[in-house]
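Read-outs: derived from the displayed coordinates by stated rules, not from any lab. This one's a predicted model, so the numbers in the text were calculated from it and none came from an experiment. Note: ideal-geometry Cβ built from the backbone for every residue, glycine included; neighbour counts use all protein chains shown.
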Amino acid sequence: MKVHDFEDKKLGKVAPYGVYDIGADAGWISLGVTCDTAEFAVASIRTWLERIGKARYPKASELTITAECGGSLQKLADETGLTIEVRHYPPGTSKWNKIEHRLFCHITQNWRGRPLTDHATIIELIAATSTKTGLKVESALDTRVYQKGVKVTTAKMKGLDIRGDAFHPEWNYSVVPRKPNS
């Protein structure tokens, strides 16, 4: 667990996935132990919503996510009733990703020079991250197994309620909650 992918043959692997709340200057990191997949990303967002987001924003009707990669958010939209606005960074523009510059940079500074020897140490170091400007970070271990290579069928894709925006719909779109079957 000593490098970027945090893989160690004895200790296993960890994959951090984060939510950075710009308005609150607060971070949430789910530390996964299997694969960094779309399912894991959505589970991390769901955990943030359940633990923090719903209480912080009780009247929210939508959630905006900026991302470098996609994921299946339809189930989350259906479960929460939130329209999820997705804004992808175009290729080669990750330097503008606020989660990298306002959250992960401080986490890596906080654990600099410290051995990442086990899950508990990593969680503690992430959760101990703060800044003079008020950033606070929470973190938890996610021990669920996420499978790589899961393919979405054409039929399932057709059942999604994804609406492209007028400006670059391939990068900007809404995932709208579907009406429950009566």
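Principal-axis analysis of the Cα atoms of the chain puts helix 38-48 at an angle of about 80° to the longest axis.
When the charge dipole of the stretch 76-182 is built from unit charges on Cβ atoms (+1 for Lys and Arg, -1 for Asp and Glu) and taken about the Cα centre, the candidate among 117, 162, 96 whose Cα reaches farthest toward its positive end is 96. Here the Debye sum runs over all C-alpha atoms of the chain as equal scatterers in vacuum, and log10 of I(q)/I(0) at q = 0.08, 0.10, 0.16 Å⁻¹ comes out as -0.27, -0.43, -1.09. Packing around the peptides 83-90, 140-147, taken as the average count of other Cβ atoms within 10 Å per residue, puts them in this order, highest first: 83-90, 140-147. Pairs spanning more than 30 Å between alpha-carbon atoms, out of 13/179; 13/158; 13/98; 59/179; 13/95: 13/179; 13/158.
Panel order for 99, 29, 22, 162, by other beta carbons found within 10 Å of each beta carbon, from fewest to most: 22, 162, 99, 29. Here the chain carries DSSP beta bridges of which approximately 55% are antiparallel, counting only pairs with both residues inside.
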